[in-house]
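K.L.:
Quick one: this structure, given as structure tokens, is what I'll be asking you about.
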Amino acid sequence: MPPKVDREKCDGCKAEKESLCEQVCPGDLMHLGEDQKAFCRMPRDCWDCMSCIKACPKGALETRIPYQLGYHVARLIPMMGTNTITWTCIDLNGKVERYQYRNRGSDD
Amino acid sequence: MEKTKAPSKIGLFIFDPGGGLARAVDLGTVVQKLIKMKNVSRCEVIADIWSGFLVSVKEDLKAGNLNRLLWVGRFSPYQEKIIKAELSAEGLNPYLHEWCDVEEQGVGKEGPDRAVQTQKVMMLVQMAVGRARLIEALEPVSLPAVDAVLIIGAGVAGLHAASSLVKLGKRVYLVEKESGVGGKVASLHRLYPRICDPRCGLEFEIEKLRGSNKLELHTLSRVKGLDGGPRNFEVKIEKAPRYVSEERCNGCGKCAEVCPVTIPDDSTSHLPQNPHQSGKKAIHSPTPMAFPSAFVVERRYCPPQCRECVKACPTNSVDLEQTPSDMTLRAGAIIATTGWDPYPLSKVEEYGYGLYPNVISNLEAERLLENPPELKEVGFIQCAGSRDEKHLNYCSSVCCSVSLKQALSLKERLPNSRFSIFYQDIRTPGFDEELYQRVKSLDKVIFIRGLPSTVKPDGENGRLKIRAEDTLSGKEVTLSLDLLVLAGGMAPSGGTGEIAELFNLPRNNFGFFESHLQCHPEESQRAGIYVGGACRGPMNVGQSIESTHRAMVEALQFIDGTFLVEPTHPLVDKTKCDKCKRCMEDCPFSAYYFDSEGFPTPDLARCRQCGNCMGTCPLTAISLRHFTIKQTAAQIQAIKVSSLPKEEPVILAFLCKNDAYHAAREAADSDAVIPANVFFIKVPCAGSVNNALLADALSFGIDGILIAGCKDGQCHSVRGNQLVKTRSGDLADKLKKMMIEPERVRFEHLEIRDSGRYVELVNSYMRDLKAMGPNPFKV
Ligand SMILES: Cc1cc2nc3c(=O)[nH]c(=O)nc-3n(C[C@H](O)[C@H](O)[C@H](O)COP(=O)(O)OP(=O)(O)OC[C@H]3O[C@@H](n4cnc5c(N)ncnc54)[C@H](O)[C@@H]3O)c2cc1C
Ligand code: SF4
Ligand code: SF4
Ligand code: SF4
Ligand code: SF4
């Protein structure tokens, strides 16, 4: 399921031609609307790759977990460090699991 | 920038001169553990830096056993300087030192548990080692000096400096608050000693400037701010609207012919025969002298609907809707020639200035000289307001010669009139004595030694009655006068005060710019800024011109050559940057421009190295050198949360180096106990903290993050505090979604004096975090 945009938080990447989510989306699905807020053009084509969610500097994007993985209210939230990613996974019962990774292959 | 990556070999020295640290901390254990750390090649406790110690470090450096040094403990700025200087002689770059003052983190006090303090020192030093591994040798960047001089004030002093500089082929910005140039001298009638027309000399300089493409003249302009430093000043100016285009107006004057409003002329409004009007219209030629030639509108006098000038102008130059404009001028050096103001004579109450129309100032008298009305008896009072502790407690130095010049001119026109000059001493230094002798030899010119005690109306006839004691003869003198001229003094100008305030330049007891009068009279006491002319003290035209040339010669050194920028500037990693432009938007000093490939690049001459761009970049593509994201990340990663008891919360604080850091340092030096699990990192500006670092810290299990910056309006990088507040707020919102308490990221304002509040803050945060329980990422 495609990303949900928090319209309060999204600042359209300050009116750039290509917002960060747009640049990063492998399917070129994210776009800026007339109102300078991001939206997903073809929700059915979204792969749930989470790239845009990780890229958004404002924390304005949230994924809706595909039904194969969990029903509505289930969430998967990444947080990007300099060299780390954490994932917070909340299932439909509210059970929380967290994972922490150090990125490899970064330019050390 | 990437050097050959020789492995880091760190020399780690714990400085404990009085043994205080050893009393509070088990240094033996600390050294034992540290020496085992990767990259630590030598580790010992030292009591002083002399007695052969530095020699042994030098040997290790030379032998290649060490290549960077980590100094633990408190070193005075002097000791730091000595160490850097001594070792740089041995080839150690000054940026290969790392300083870790554990005392400012609250360690070293007797009382708190020894084991806990030992652990804190370990942690702090490990953090520092993490950073020290990554520090690199850096060299200052040298940039060409800005090849222009900015001159403030286009009086005789400023004009001469400008024309001489232009003649040398140098670029000049000349900033003047009036609509035209010339200053006070332009309104004088004749100049002593040669009794010639001042406009003649001024016009000569203006002609040279008019034809020059090196001069940029900004009239109706005021300075609003100063940034940068010698060789690279940035001066903000605000330009008031002229309402007439400087490019198009040819000075034909058709507008003034139709303008319905005649305005008072300030310079003549006091004269006895003056109808308070001079035929000057609301739209008029610039004053005092018409350079630039474009007319100017004094809009406050215009009737709201009038558009007569707009219609009459054949060149379509008049635009009554113009608004003020701001601009920034860059110059290598600055010369202030902001001149003097006449002392307000109404303050010298006994002389009746402002009460009686025929009491006038010497400046107003200049206007009378050309065409004086019939006057039988004229009096001059010298030192009106000067050499008087109630007024100007100095000699204004020109007014004796000025009165002599004026008496001479008037006498030519009114040969039968009588002139009485009341004086304390006649001061005509050097060749001005000749003027004195000339006037003394004139018929019906009387010098009376003694200042009048009162000036009163002489009955109803409009004349003045003046009474004084002639101290030479001991006789009382009473006169009935048609006109009384007060030889008013030269006071520091309002414009001088303005600039002194804005530029933070000292002024002497009398309010003129302070300078070293014997040896460096042109120096303002701030490098690259010089002063010339009457803003330095009372002086005549010749002296003003001379002094301003001295300033000019000194200024030249700052517009040639290069200046150095600290190497701790931001660097954009182009392989990471995807041109989102947030750095450009957020830089509080608008330092970024696009390079030829469209990547943001900081203009190093403008950059203040505040790090806000580093803080904002979503891709962590920007780092300040010597304060890189990686270095800080390594520091954070070195906090081994798992080795601390799980129930005790751990706080990581980012403290702005300008204010919050000093508050924390003072708190540590006081009796207050700082909780052991608080670790702070000093940052160039709170706004330099990137969210990715906060995410790192949280993912490593740090329980609470405190970011402390200045109050709104006090941030040294304008709005760095607000930027980080918003960004960390976004992260806190995300934490909420992640089912983590958003209070684990906190932004606070801390002022430099807030040491008490800092202690309260970390303690109450500790309590809050304890109540929340451990960070779920803690393992
Ligand atoms: C009555 C009288 C008669 C005199 N007659 C003689 C004489 O015959 N011979 C002689 O040698 N000397 C004479 N003097 C002295 C002479 O006036 C001064 O030496 C001369 O004016 C000094 O020139 P200046 O350029 O330093 O200052 P000013 O003439 O005061 O010029 C300063 C200029 O700077 C501008 N300015 C000030 N502050 C700012 C600011 N913040 N921003 C932008 N612009 C600013 C002003 O508008 C002005 O244009 C006389 C003085 C008096 C009082
Ligand atoms: S990256 Fe975030 S802030 Fe930028 S346009 Fe996309 S949703 Fe909006
Ligand atoms: S504003 Fe127009 S009318 Fe007035 S002097 Fe200039 S060109 Fe002539
Ligand atoms: S360090 Fe500060 S002043 Fe320099 S470019 Fe970055 S944000 Fe601008
Ligand atoms: S903020 Fe970072 S990614 Fe964006 S333009 Fe600047 S350097 Fe590039």
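K.L.:
Which number in (1) in contact with a Leu (Cβ under 7 Å, 6 or more places away or on another chain); (2) surrounded by 22 or more Cβ atoms within 10 Å (Cβ to Cβ) marks the one condition that B:Val310 misses?
P.N.:
(2)
K.L.:
A further question follows. Name every residue in the stretch B:408-453 that is hydrophobic (A, V, I, L, M, F, W, C) and within 16 Å of B:Cys383 (Cα to Cα), in order of residue number.
P.N.:
B:Ile421, B:Phe422, B:Ile426, B:Phe447, B:Ile448, B:Leu451
K.L.:
For the structure I just gave you, tell me whether B:Arg190 is within 16 Å of ligand 1 (Cβ to nearest atom) and touching a Lys or Arg at 6+ places or on another chain (Cβ under 9 Å).
P.N.:
On the way: within 16 Å of ligand 1 (Cβ to nearest atom): yes; touching a Lys or Arg at 6+ places or on another chain (Cβ under 9 Å): yes.
Yes: the conditions hold for B:Arg190.
Residue-wise test of (1) small (Gly, Ala, Ser); (2) touching a strand residue (DSSP E or B) at 6+ places or on another chain (Cβ under 9 Å).
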position	(1), (2)
B:Glu104	no, yes
B:Gln117	no, no
B:Gln126	no, no
B:Ala132	yes, yes
B:Ile151	no, yes
B:Val166	no, yes
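K.L.:
Would you pick out the residues in the stretch B:721-778 that are in a strand (DSSP E or B) and closer than 26 Å to A:Cys13 by Cα? Spell out how you get there, then give the answer.
P.N.:
If we filter the stretch B:721-778 for residues that are in a strand (DSSP E or B), which is where we start, we get B:745-749.
Selection gives B:Val745, B:Arg746, B:Phe747.
K.L.:
Which residues, counting only those in the stretch B:482-498, are outside any loop (DSSP other than H, G, I, E, B) and surrounded by 24 or more Cβ atoms within 10 Å (Cβ to Cβ)? First the steps, then the outcome.
P.N.:
Step one: of the stretch B:482-498, the residues outside any loop (DSSP other than H, G, I, E, B) are B:483-488, B:490-492, B:494-498.
B:Leu483, B:Leu484, B:Val485, B:Leu486, B:Ala487, B:Gly488, B:Met490, B:Pro492, B:Thr496 - these are the residues of the stretch B:482-498 that are outside any loop (DSSP other than H, G, I, E, B) and surrounded by 24 or more Cβ atoms within 10 Å (Cβ to Cβ).
K.L.:
Could you grab me the full set of residues in the stretch B:663-688 that are within 24 Å of B:Val641 (Cβ to Cβ) and basic (Lys, Arg)?
P.N.:
We begin by selecting, within the stretch B:663-688, every residue within 24 Å of B:Val641 (Cβ to Cβ); these are B:664, B:667-668, B:673-683, B:686, B:688.
The one that is within 24 Å of B:Val641 (Cβ to Cβ) and basic (Lys, Arg): B:Lys682.
K.L.:
What do you reckon, is B:Lys465 assigned by TED's automatic domain parsing to the domain that holds B:Asn358, open to solvent by 50 Å² or more (accessible area, probe 1.4 Å) and in contact with a Ser or Thr (Cβ under 9 Å, 6 or more places away or on another chain)?
P.N.:
Spelling it out, B:Lys465 is indeed assigned by TED's automatic domain parsing to the domain that holds B:Asn358, open to solvent by 50 Å² or more (accessible area, probe 1.4 Å) and in contact with a Ser or Thr (Cβ under 9 Å, 6 or more places away or on another chain).
K.L.:
Across the stretch A:52-69, which residue is nearest to ligand 1 (Cβ to nearest atom) among those that are surrounded by fewer than 19 Cβ atoms within 10 Å (Cβ to Cβ) and within 10 Å of the chain's Cα centre (by Cα)? Walk me through it before giving the result.
P.N.:
Of the residues in the stretch A:52-69, the ones surrounded by fewer than 19 Cβ atoms within 10 Å (Cβ to Cβ) are A:54, A:62, A:64, A:66-69.
In the following step, the residues that additionally are within 10 Å of the chain's Cα centre (by Cα) were identified as A:54, A:62, A:64.
Numbers: A:Lys54: 54, A:Glu62: 56, A:Arg64: 62 Å.
Among residues in the stretch A:52-69 that are surrounded by fewer than 19 Cβ atoms within 10 Å (Cβ to Cβ) and within 10 Å of the chain's Cα centre (by Cα), the one nearest to ligand 1 (Cβ to nearest atom) is A:Lys54.
K.L.:
Moving on to the next point. Where the second residue is open to solvent by 30 Å² or more (accessible area, probe 1.4 Å) and the first is within 16 Å of ligand 4 (Cβ to nearest atom) and lies in the stretch A:7-32, which pairs have Cβ atoms under 8 Å and are six or more apart or on separate chains?
P.N.:
Pairs that qualify, where the first residue is within 16 Å of ligand 4 (Cβ to nearest atom) and the partner is open to solvent by 30 Å² or more (accessible area, probe 1.4 Å), are A:Lys14/B:Lys581; A:Lys14/B:Glu585.
K.L.:
Is it the case, given these coordinates, that B:Arg665 is open to solvent by 10 Å² or more (accessible area, probe 1.4 Å), under 27 Å from the mean Cα position of the chain (by Cα) and touching a residue at least 24 places away in the same chain (Cβ under 8 Å)? Spell out how you get there, then give the answer.
P.N.:
Values: open to solvent by 10 Å² or more (accessible area, probe 1.4 Å): yes; under 27 Å from the mean Cα position of the chain (by Cα): no; touching a residue at least 24 places away in the same chain (Cβ under 8 Å): yes.
Judged against the criteria, B:Arg665 is not a match.
K.L.:
Now for a separate question. Specify which of the listed residues (B:Arg536, B:Arg608, B:Arg550) is basic (Lys, Arg) and within 16 Å of ligand 4 (Cβ to nearest atom).
P.N.:
Details: B:Arg536 fails: within 16 Å of ligand 4 (Cβ to nearest atom); B:Arg550 fails: within 16 Å of ligand 4 (Cβ to nearest atom).
Going through B:Arg536, B:Arg608, B:Arg550 in turn, the sole match is B:Arg608.
K.L.:
Step by step: first the residues of the stretch B:102-125, then only those that are in a helix (DSSP H, G or I) and open to solvent by 40 Å² or more (accessible area, probe 1.4 Å), then the one that is nearest to B:Tyr758 (Cα to Cα). Which residue is that? I'd like the intermediate steps shown before the answer.
P.N.:
If we filter the stretch B:102-125 for residues that are in a helix (DSSP H, G or I), which is where we start, we get B:103-105, B:114-125.
Retained after the next criterion (residues that are open to solvent by 40 Å² or more (accessible area, probe 1.4 Å)): B:103, B:114-116, B:119.
On the way: B:Glu103: 16, B:Arg114: 23, B:Ala115: 24, B:Val116: 21, B:Gln119: 22 Å.
In this case the residue turns out to be B:Glu103.
K.L.:
Within the stretch B:433-440, is even one residue under 26 Å from B:Val348 (Cα atoms) and among the hydrophobic types (A, V, I, L, M, F, W, C)?
P.N.:
So far as the stretch B:433-440 goes, no, none of its residues is under 26 Å from B:Val348 (Cα atoms) and among the hydrophobic types (A, V, I, L, M, F, W, C).
K.L.:
Restricting attention to the stretch B:295-305, which residues are surrounded by 17 or more Cβ atoms within 10 Å (Cβ to Cβ) and away from ligand 1 (no atom under 16 Å from the Cβ)?
P.N.:
B:Phe295, B:Val297, B:Cys302
K.L.:
Then there is this: Please go through the stretch B:742-768 and give me each residue that is polar (S, T, N, Q) and within 35 Å of the chain's Cα centre (by Cα), ordered by number. Show your work before the answer.
P.N.:
First, pick out the residues of the stretch B:742-768 that are polar (S, T, N, Q): B:755, B:763-764.
B:Ser755, the sole residue that qualifies.
K.L.:
Name every residue in the stretch B:317-357 that is surrounded by fewer than 14 Cβ atoms within 10 Å (Cβ to Cβ) and of a type in the set (A, V, I, L, M, F, W, C), in order of residue number.
P.N.:
B:Met327, B:Leu355
K.L.:
Is one or more of the residues making up the stretch B:711-719 modelled with pLDDT of 95 or more and either open to solvent by less than 30 Å² (accessible area, probe 1.4 Å) or within 14 Å of another protein chain (Cβ to nearest Cβ) (or both)? Working first, answer last.
P.N.:
Restricting attention to the stretch B:711-719, the residues satisfying the condition of being modelled with pLDDT of 95 or more are none.
Checked against the condition, which is being modelled with pLDDT of 95 or more and either open to solvent by less than 30 Å² (accessible area, probe 1.4 Å) or within 14 Å of another protein chain (Cβ to nearest Cβ) (or both), the stretch B:711-719 yields no hits at all.
K.L.:
Are there any pairs, at least 6 apart or on different chains, whose C-beta atoms fall under 6 Å, with the first in the stretch B:337-362 and of a type in the set (A, V, I, L, M) and the second part of a loop (DSSP other than H, G, I, E, B), and if so, which?
P.N.:
B:Val348/B:Gly385; B:Val359/B:Gly352; B:Ile360/B:His270
K.L.:
Let me ask something else. Quick test of your reading of the structure: B:Ile651 fulfils all but one of (1) within 14 Å of another protein chain (Cβ to nearest Cβ); (2) in contact with a helix residue (DSSP H, G or I) (Cβ under 7 Å, 6 or more places away or on another chain). Name the failing condition by number.
P.N.:
For B:Ile651, the exception is condition (1).
K.L.:
Related question: Provide a single number: the residues in the stretch B:577-601 that are more than 14 Å from chain A (Cβ to nearest Cβ), surrounded by 16 or more Cβ atoms within 10 Å (Cβ to Cβ) and over 25 Å from A:Asn83 (Cα atoms).
P.N.:
Total satisfying the criteria: 3.
K.L.:
For the stretch B:194-203, enumerate the residues that are open to solvent by 20 Å² or more (accessible area, probe 1.4 Å) and either at pLDDT 95 or above or touching a Leu at 6+ places or on another chain (Cβ under 6 Å) (or both). I'd like the intermediate steps shown before the answer.
P.N.:
Kept after step one, since they are open to solvent by 20 Å² or more (accessible area, probe 1.4 Å), are these residues of the stretch B:194-203: B:194-197, B:199-201, B:203.
Once the filter is applied, which keeps residues that are open to solvent by 20 Å² or more (accessible area, probe 1.4 Å) and either at pLDDT 95 or above or touching a Leu at 6+ places or on another chain (Cβ under 6 Å) (or both), the stretch B:194-203 yields only B:Glu203.
K.L.:
Hey, among B:Leu143, B:Leu220, which residue is within 16 Å of ligand 3 (Cβ to nearest atom) and either more than 24 Å from B:Arg536 (Cβ to Cβ) or of a type in the set (Asp, Glu) (or both)?
P.N.:
On inspection, the qualifying residue turns out to be B:Leu220.
K.L.:
Filter the stretch A:36-47 for residues that are open to solvent by 40 Å² or more (accessible area, probe 1.4 Å) and of a type outside the set (Lys, Arg); which is farthest from the chain's Cα centre (by Cα)?
P.N.:
So in the stretch A:36-47, the residues open to solvent by 40 Å² or more (accessible area, probe 1.4 Å) come out as A:36-37, A:39, A:41-45, A:47.
In the following step, the residues that additionally are of a type outside the set (Lys, Arg) were identified as A:36, A:39, A:42-43, A:45, A:47.
Details: A:Gln36: 18, A:Phe39: 12, A:Met42: 15, A:Pro43: 13, A:Asp45: 15, A:Trp47: 11 Å.
The extreme case among them is A:Gln36.
The values are calculated or read from the model by the stated rules, or taken from the named source; none is laboratory data. Keep in mind it's a predicted model, so treat the numbers as computed, not measured. Note that each Cβ is placed from the backbone with ideal geometry, even for glycine, and that neighbours are counted across all protein chains shown. For accessibility, only protein heavy atoms count, side chains too; no ligands or nucleic acids. Shrake-Rupley method; radii C 1.70, N 1.55, O 1.52, S 1.80 Å.
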